[in-house]
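Accompanying notes for the structure given below.
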Amino acid sequence: MKKRVLVLGCTGSIGSQTLDIIRNEKDLFEVAGLSVGHNQEALESLCAEFNCMGANWNVDGISGLKKLLDESKADIAVNGVAGSQGLLSSVEVLERGINLALANKESVVMAWPLIKELSEKKRCSIVPVDSEHSAIFSLVNHYGSRRISEIIITASGGPFRSYTREQLESVTVEDALKHPTWNMGKKITIDSASLANKGLEVIEACRLFDAETKNVKVLVHPQSVVHSIVRTNDGMLYAQMSDPDMRHPIFSALIWPENRTNYLEPFNLAGHELSFFEPRMDDFPMLRLAYQCAEKGGSYPIAYNAANEIAVDAFINKKIGFTDIPKIVEATLGHDWKKEPWTVEEVLEADRDSHETAKKLLDARTF
C-alpha cells in the first residue's frame, strides 16, 4: 500500500525535493495534501499535478491547515515550513496522531518538551530530516542508544573556516552567502558561516537524542560527505556517508522504519579525500553560546534562536558587521530566560520577548 504524504511548505527546498521523490517513487508514495505560505498559483498547479487538496497559510491561516490535516488522511507529514509557523504546523500534525518528518528547527529548539510529550501522548513518531540528525537517528536506531557514548555532528565550516579573527571583522554579506558545499537560503547560509546553524543542531541533538552536552561534539568536515558519526562504548566510530543531497534524508524519513532501494545515485567513496578539524569556538562564538543554552535549558534556546534571527537580519541589511552577530546574541542571553515554556502560547511569548530584547539591544547599540 502506498504511503500518503502531506507536504507542508511544498514550494520550499525541502518540500520541492520531497515532491521530486514522490514523482520518482510512485509505487511507494502518493501526495495526500500540500500547503504553501503565500504562492497560490504554485499551490494550484501542484494540487492539479498530484490530484490533491491544498492550503495557503497566507489566505487560509491555521484553520486551513487544520482542515487539510483533518481531511487528507495522511500517513506522514513532511514539515518544511520555516519559523514559528512551522512549530504550529508540527503541533497540529501531532495532535492528530500523524507521523512527522521534521525539518523545522524551531519545533525542537523552541518547544521540544511540548512536542515530545505530544508525540508520546498521540503515539506517533518524529523522524528528523536534517542531514545530520537523520544520520544520527539511523545510527542510534541501528546500534541502540545504550551502546552509544558520543554523538559527533559534522559541519562544513562555511566559507570562512580558514579565516583569521582579523579577517572575519571585514567580511561582507556577499562573502557570507558563498557557501562552498550547499545551495541554501540567505538566513541558513549565513548561519552556516557563523556556525550558528551548527549551534542550533547541537541543541537539537541534545534534545532529540536525550544526550548530555558533554557527549555531543562538532567536527568541521569541509567535504560534507560524512553527515554525522557516533562513538560506541568500545571507542569505535561509525559514520553515515552520502553525497550532499537532501533527498537522501527525506527519503529515509518517508520510508522509515523500512530501508529500501531508491532512484537516487548510490554514493561512491572512490576519489574522495576526507578531512576533519576541531571547530574554533573562540573565533566562532555562536557555537560556544549554543552549548551554554543547551546546558541551561529553559527558554535559553528560544532566546538564542530569536536573537540570532534579529542579528542576521541586521547583518543582511548591512546595519552591523559579521562579528557583531554573536555579540548581540550573547548580550540577549545575558537576560533571564530560565522559565521552561510548556504550552504553545508560552513558547511564542518567550520568542516575542527575546526578539524584542535583541531588537532593543541592536537599536541602542548596547552589545
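The values are calculated or read from the model by the stated rules, or taken from the named source; none is laboratory data. Predicted model only: the values in this text are computed from it and were never measured. Heads up, the Cβs are rebuilt from the backbone with ideal geometry, glycines too, and the neighbour counts pull from every protein chain shown. Only protein heavy atoms, including side chains, enter the accessible area calculation; ligands, DNA and RNA are left aside. Shrake-Rupley method; radii C 1.70, N 1.55, O 1.52, S 1.80 Å.
Within the set of pairs 6 or more residues apart or between chains, which connect a residue that is buried (at least 17 other Cβ atoms within 10 Å of the Cβ) inside region 311-325 to a residue that is outside any helix (DSSP H, G or I) and among the hydroxyl-bearing types (Ser, Thr, Tyr) with Cβ atoms less than 9 Å apart?
Listed by first residue and then by second, the contacts come to Phe322/Ser170; Phe322/Thr172.
So, in region 69-100, of the ones that are of a type in the set (A, V, I, L, M, F, W, C), in contact with a Ser or Thr (Cβ under 6 Å, 6 or more places away or on another chain) and part of a helix (DSSP H, G or I), which residue ends up farthest from Ser35 (Cα to Cα)?
Checking each candidate, the answer is Leu94.
With the condition kept exactly as written, say whether any residue in region 294-303 is open to solvent by 30 Å² or more (accessible area, probe 1.4 Å) and either assigned to a loop (DSSP other than H, G, I, E, B) or in contact with a helix residue (DSSP H, G or I) (Cβ under 8 Å, 6 or more places away or on another chain) (or both).
So far as region 294-303 goes, yes, one or more of its residues are open to solvent by 30 Å² or more (accessible area, probe 1.4 Å) and either assigned to a loop (DSSP other than H, G, I, E, B) or in contact with a helix residue (DSSP H, G or I) (Cβ under 8 Å, 6 or more places away or on another chain) (or both).
Taking region 161-199 as the search range and keeping residues that are touching an Asp or Glu at 6+ places or on another chain (Cβ under 9 Å) and more than 26 Å from Gly12 (Cβ to Cβ), which one is least open to solvent (accessible area, probe 1.4 Å)?
Leu168
With (1) open to solvent by 10 Å² or more (accessible area, probe 1.4 Å); (2) farther than 30 Å from Ala306 by Cα; (3) in contact with a strand residue (DSSP E or B) (Cβ under 8 Å, 6 or more places away or on another chain); (4) of a type outside the set (Asp, Glu) as the list, and Asn259 as the residue in question, which single condition is left unmet?
With respect to (1) open to solvent by 10 Å² or more (accessible area, probe 1.4 Å); (2) farther than 30 Å from Ala306 by Cα; (3) in contact with a strand residue (DSSP E or B) (Cβ under 8 Å, 6 or more places away or on another chain); (4) of a type outside the set (Asp, Glu), Asn259 is out only on (3).
Cβ-Cβ under 6 Å, sequence separation 6+ or interchain: first residue in region 181-206 and of a type in the set (Gly, Ala, Ser), partner modelled with pLDDT under 95 and in a helix (DSSP H, G or I). Which pairs?
Here the result reads Ala193/Ala176, each pair linking region 181-206 to a residue that is modelled with pLDDT under 95 and in a helix (DSSP H, G or I).
Yes or no: region 50-64 includes at least one residue that is part of a strand (DSSP E or B), open to solvent by 30 Å² or more (accessible area, probe 1.4 Å) and either in contact with a helix residue (DSSP H, G or I) (Cβ under 6 Å, 6 or more places away or on another chain) or among the hydrophobic types (A, V, I, L, M, F, W, C) (or both).
yes
Among the residues of region 335-345, is there at least one that is surrounded by 19 or more Cβ atoms within 10 Å (Cβ to Cβ), over 22 Å from Glu117 (Cβ atoms) and modelled with pLDDT of 95 or more?
Scanning region 335-345 turns up no residue that is surrounded by 19 or more Cβ atoms within 10 Å (Cβ to Cβ), over 22 Å from Glu117 (Cβ atoms) and modelled with pLDDT of 95 or more.
List the pairs whose first member sits in region 126-139 and is of a type in the set (Gly, Ala, Ser), whose second member is not in a helix (DSSP H, G or I), and whose Cβ atoms are under 7 Å apart, counting only residues at least 6 apart or on separate chains?
As it stands, the answer is Ser131/His227; Ser131/Met246; Ser134/Pro128; Ala135/His227; Ala135/Ser228; Ala135/Gln240; Ser138/Gln240, since those pairs meet every condition given.
Quick check on this structure: which one of Leu65, Leu19, Leu6, Leu28 is under 29 Å from Glu349 (Cα atoms), out of contact with any Gly (no Cβ under 7 Å at 6 or more places or on another chain) and not polar (S, T, N, Q)?
Step by step, each of Leu65, Leu19, Leu6, Leu28 is checked, and only Leu65 is under 29 Å from Glu349 (Cα atoms), out of contact with any Gly (no Cβ under 7 Å at 6 or more places or on another chain) and not polar (S, T, N, Q).
Being aliphatic (A, V, I, L, M) and open to solvent by 30 Å² or more (accessible area, probe 1.4 Å) narrows it down to one residue among Ala270, Ala253; which is it?
Unique residue meeting the criteria: Ala270.
Which numbered condition trips up Thr366, out of (1) open to solvent by 70 Å² or more (accessible area, probe 1.4 Å); (2) assigned to a helix (DSSP H, G or I)?
(2)
Out of all the residues in region 117-145, which are under 12 Å from Glu204 (Cα atoms) and basic (Lys, Arg)?
Within region 117-145, no residue meets the criteria.
Just to check your reading of the model, which residue among Ser131, Ser90 is modelled with pLDDT under 95, among the hydroxyl-bearing types (Ser, Thr, Tyr) and open to solvent by less than 40 Å² (accessible area, probe 1.4 Å)?
Details: Ser90 fails: modelled with pLDDT under 95.
None of the others qualify; the one that does is Ser131.
Check whether at least one residue in region 122-144 is within 18 Å of the chain's Cα centre (by Cα), more than 26 Å from Leu68 (Cβ to Cβ) and β-branched (Val, Ile, Thr), and report yes or no.
Yes, that holds for at least one residue.
Given the structure, is Pro113 open to solvent by 20 Å² or more (accessible area, probe 1.4 Å) and not in a helix (DSSP H, G or I)?
So Pro113 fails the test.
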